[in-house]
Each structure stands twice: as structure tokens, then as C-alpha cells.
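The values are calculated or read from the model by the stated rules, or taken from the named source; none is laboratory data. If you're wondering where the values come from, they're calculated on a predicted model, not measured in any experiment. With ideal geometry, Cβ positions are generated from the backbone for all residues, glycine too; neighbour counts draw on all protein chains shown.
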Amino acid sequence: MRIAISGAGPGGLYTAALVKRLQPRSEIDVWEVNAPDETFGFGVVFSEGALGGIEAADPALFAALDAECAHWSRIDVHHRGRTSRNGGYRFSAIGRRALLAMLRERCADLGVTVRHGTRAPEADVLARTYDLVVAADGVNSATREARRAQFGTETTRRGSRYLWLGTERPFTALTFAVAETEHGTLHAHAYPYAPGLSTFIAEVDDRVWEAAGFTEGDITVPDASGRSDTDRLADLFADVLDGHALRTNRSRWDRFVSVRNRQWSHGRIALLGDSAHTTHFSVGSGTRLAMEDALALALALDDHGSVPEALAAYQAQRLPEVEAMQRTARTSQEWFEELESYADLEPEAFNAHLITRSGRLTRDDLASWPPERVERVRERFARADRSARGSAVR
Ligand SMILES: Cc1cc2nc3c(=O)[nH]c(=O)nc-3n(C[C@H](O)[C@H](O)[C@H](O)COP(=O)(O)OP(=O)(O)OC[C@H]3O[C@@H](n4cnc5c(N)ncnc54)[C@H](O)[C@@H]3O)c2cc1C
């Protein structure tokens, strides 16, 4: 089978690696518009057991990932100068750059060609010579946008503005921090992902954003008062940042883009990861969902004799699972958008309200795969590896 993949993010690279493991004779070409080390964002967090599928499919990759990840067990809520600590969780996080480097290495070992710095040819052109074209080209997928009617695409860019930043402040928990200003509240989500490095995402609604003097322009450029947007945020969150500065990486103010598609494929073209769906970053699941899509697609291609059957099975499995996660993420997003109305609560009540998002979110909502399913995936890939080793010996 010949597969073309547009986009070497976590979804595209993991698809390439998994298909190659299950079908070593397949030919897979990946295009990535950016250079290898050129990527957006900082670290991404994985909630408890979120990597169960990856552990089962690729224990070696999982072990390498796990060794690189920061791990912690608390959610801290910082509100009105007090920090409430909630224990008993298991989180891990890794820098996006490190995750992509590992996936690229895995692809190289398996013989997948990744062309960096090259925009993928148009999907219709690829579909003439490839059996399958995977659009893993992210939230703004050009492949999807050119076929909105066929995919039944719905996208909305709404809600608060956010800024994805980093800091050298070594957070030791998934930390939610509220900053109260004369104009209203802002909040931040922060967590460690490497020694001495943490992700810091600030969110603020339009009214407060304008009143506080933030700008559409370059967030690192000082205004007439000599302060840039990042300086201003560092001042507002000075207590929780403990005086550390904020770093940028292609960071700009944006709004969360919600993506849904009624159809995840059209002819030989399939959507995967953020091109197919997004979930609000307050539940930290987009990377994991993209990688689970990859797993489902690789298994479906191996299970079914034809690409159309495989794509139907892929959608039948993933669409309901992703929709359930999108409902949870939406609940969480709305809670954060209404945060100002809870800000007067005493710190302990506020903490309880946030952790359960006012009783609408439980730990099960973010739960991972059932153990039987993990076991089935483990057995399947172990069998493929045994058979590949057998062929190599013969
Ligand atoms: C603020 C923020 C915080 C987040 N935090 C988390 C988190 O903590 N945990 C988590 O799991 N997820 C998080 N996410 C979500 C996560 O970043 C995405 O869900 C994930 O990157 C999706 O992977 P992907 O491979 O589908 O797309 P992407 O990672 O976006 O990769 C798509 C790739 O395609 C390339 N591309 C685009 N067009 C073309 C083209 N025409 N030709 C060739 N290449 C192309 C792009 O350059 C890019 O490398 C966060 C997102 C945001 C915005």
C-alpha cells in the first residue's frame, strides 16, 4: 500500500510509524512544511493513563517518552494568594519538540521518508498515485478547508483569547492560577515539562484584554509605557511565577478554534488529529487524541482488505470517542469562560468548583482506555513484530 501523509505533527508521524510496523511492505511518504526543529508551543500534558494505547502499541517508544516526560501527581489551584493542593493524580508532560524528535527517529528507523521544509502536494494530485492520503495538517488544514462540504466541516473561533507561553519557573503541579485586576480576572494553566521548563498558557476575555492594554501586535515589543504583553502578564502573575520571565515560541494571542467534521474521509483522503477535531487545551487531550486516531487508522488498514472499508471502520470507532471527549472539553472551556462569576468564592470553595468544573466534570470523563482494549493492541503489535523478525531471519 502507498500512503501519503501531509503534516509531520504527532498525528502524521505516529500514523506513519504504526502503519509501517503492521505493514512493513507499505510505502509511506510524509511532507512537513516546517524544518525539523521548527514547531509552535511548549510542553503538552497527558492525563492519567492517556498513553495506555501508545504503551501497548510501542513499548520501546513509550519507555523513551516516559523517560523524557516530567511527572507529577498534584493539581494546584492558586487563588487570592492561597494555593490549594489536590493530590492523587498521575500526569506527565513532554516538550512538543522532544516528542516530535522521538517520533521522527522512530519513522527514520522504520524507513519512512519525511520531507521537511516542503508543503505537501494538493491532496487530489496525491490521490492519483497513492492508495491513501492522510491529512494530518493540523487545525487549519488546507486539505479540509478545500473540501468543507464533503467533510461536513464546522469550525468556530470563539471565546476568550489565549497565549501559549513558556517559563523557567519549575512548577511542580498542574497549576491553575487566577490574577484579579482592577479590570477583571485573567487565569493561567501551567505545568512542568522538562527540567527547569514549564508551559504557561494565559487566558483572558475580550473586555479585560482590552482594558488591561494587551495588543494584537508583537507580544514581545514594549509599548509607550515600556512594557510588552509578556512583561505585563509576568507582572500580573508575578506571585505564581515567583519572579520568572515568560518565554515565547511563535506565540500570539488567539482564540480556541473548535473543529468538527461529520465525515472523516472523502474518497481516498482521510482527516486525522486536529484537522478532524479539536478539544480545548484545558483538558490537555489533543495530542493524545491525534495519536489514538493514528492507532485506530493503522489497525483498520491492517484489518480491512480495502481502503474504503478501513476508512469506514476508522470513523466508526473514533468519531463517537472523540465526540465524547469534545463534550467534556466544552464543559471545561465554558467553566473557564465563566470563571469571573466564581472568582469571589473563598479559595477552598473555588478550588472544589474548579476541580470538578462545578460538578460537571469527573475524573472518569478524562479516563483512558479499558485494560482489555490495551491488551488487544499490545498483542496485535507484538505479533506484527514477531512476524517481521521471522521474515528478517528467513
Ligand atoms: C494552547 C494549546 C495548548 C495545548 N496543550 C496541549 C496539551 O497540554 N496536551 C495535548 O495533548 N494537546 C495540547 N494541545 C493540542 C495539540 O497541540 C494538538 O492537538 C496536536 O498538536 C495535534 O496534532 P496533529 O498532528 O493533528 O497536528 P499538529 O501538531 O498541528 O501538526 C500538523 C503539522 O502539519 C504541518 N502542515 C500544515 N499544513 C501542511 C502542508 N500543506 N504540507 C505539509 N505540512 C503541513 C504543520 O506544520 C504541522 O507540523 C494544545 C493546543 C494549544 C493551542
Inset, instruction - Find the residue count for region 260-301, including only residues that are more than 10 Å from the ligand (Cβ to nearest atom), of a type in the set (Val, Ile, Thr) and under 16 Å from the mean Cα position of the chain (by Cα). - result: 0
Legend entry - Residue count, region 127-166 (criterion: assigned to a strand (DSSP E or B) and on the phi > 0 side of the Ramachandran plot): 1
Legend entry - Selection count, region 302-314, where residues are surrounded by fewer than 22 Cβ atoms within 10 Å (Cβ to Cβ) and either within 16 Å of the ligand (Cβ to nearest atom) or assigned to a loop (DSSP other than H, G, I, E, B) (or both): 3
Legend entry - Selection count, region 212-232, where residues are surrounded by 14 or more Cβ atoms within 10 Å (Cβ to Cβ) and either within 14 Å of the ligand (Cβ to nearest atom) or of a type in the set (Val, Ile, Thr) (or both): 3
Inset, instruction - For region 14-27, enumerate the residues that are aliphatic (A, V, I, L, M), more than 13 Å from the ligand (Cβ to nearest atom) and in contact with a strand residue (DSSP E or B) (Cβ under 7 Å, 6 or more places away or on another chain). - result: Val19
Inset, instruction - Output the residues belonging to region 240-267 that are modelled with pLDDT under 95 and over 23 Å from Gly41 (Cβ atoms). - result: Gly243
Legend entry - Subset of region 76-100 [surrounded by 15 or more Cβ atoms within 10 Å (Cβ to Cβ) and small (Gly, Ala, Ser)]: Ser84, Ser92, Ala93, Gly95, Ala98
Legend entry - Unique residue being more than 15 Å from Tyr162 (Cα to Cα), of a type outside the set (Ser, Thr, Tyr) and not in a loop (DSSP other than H, G, I, E, B) when the list is Asp223, Asp235: Asp235
Legend entry - Which listed residue is more than 12 Å from the ligand (Cβ to nearest atom) and of a type in the set (Ser, Thr, Tyr), from Thr143, Thr118, Thr167: Thr167
Inset, instruction - Sort through Arg2, Arg85, Arg106 and tell me the only one that's out of contact with any Lys or Arg (no Cβ under 7 Å at 6 or more places or on another chain), touching a residue at least 40 places away in the same chain (Cβ under 8 Å) and more than 25 Å from Glu375 (Cβ to Cβ). - result: Arg2
Legend entry - Test set (1) within 30 Å of Pro308 (Cβ to Cβ); (2) over 16 Å from the mean Cα position of the chain (by Cα); (3) within 16 Å of the ligand (Cβ to nearest atom); (4) part of a loop (DSSP other than H, G, I, E, B) - Arg252 fails condition number: (1)
Inset, instruction - For residues that are aliphatic (A, V, I, L, M), surrounded by fewer than 22 Cβ atoms within 10 Å (Cβ to Cβ) and farther than 29 Å from Ala173 by Cβ, scanning just region 28-63, find the one that is nearest to the ligand (Cβ to nearest atom). - result: Val33
Inset, instruction - Answer yes or no: is there a residue in region 188-211 that is surrounded by 15 or more Cβ atoms within 10 Å (Cβ to Cβ) and on the phi > 0 side of the Ramachandran plot. - result: no
Legend entry - Condition check for Arg106: within 16 Å of the ligand (Cβ to nearest atom), closer than 29 Å to Glu48 by Cβ and of a type in the set (Lys, Arg): yes
Legend entry - Hits in region 268-288 (condition: at pLDDT 95 or above and of a type in the set (A, V, I, L, M, F, W, C)): Ile269, Ala270, Leu271, Leu272, Ala276
Inset, instruction - Taking only region 1-44 into account, find how many residues are aliphatic (A, V, I, L, M) and more than 11 Å from Val114 (Cβ to Cβ). - result: 9
Legend entry - Test set (1) in contact (Cβ under 8 Å) with a residue 12 or more places away in the chain; (2) within 24 Å of Gly138 (Cβ to Cβ); (3) not β-branched (Val, Ile, Thr) - Glu38 fails condition number: (1)
Legend entry - Residues satisfying the stated conditions in region 81-103, i.e. in a helix (DSSP H, G or I) and either more than 16 Å from the ligand (Cβ to nearest atom) or within 30 Å of His353 (Cα to Cα) (or both): none
Inset, instruction - Kindly indicate whether Ala194 is at pLDDT below 95, out of contact with any helix residue (DSSP H, G or I) (no Cβ under 6 Å at 6 or more places or on another chain), more than 22 Å from Glu334 (Cβ to Cβ) and of a type in the set (A, V, I, L, M). - result: no
Inset, instruction - Could you check Arg115 against (1) touching a residue at least 40 places away in the same chain (Cβ under 8 Å); (2) of a type in the set (Lys, Arg); (3) part of a helix (DSSP H, G or I) and say which number it fails? - result: (3)
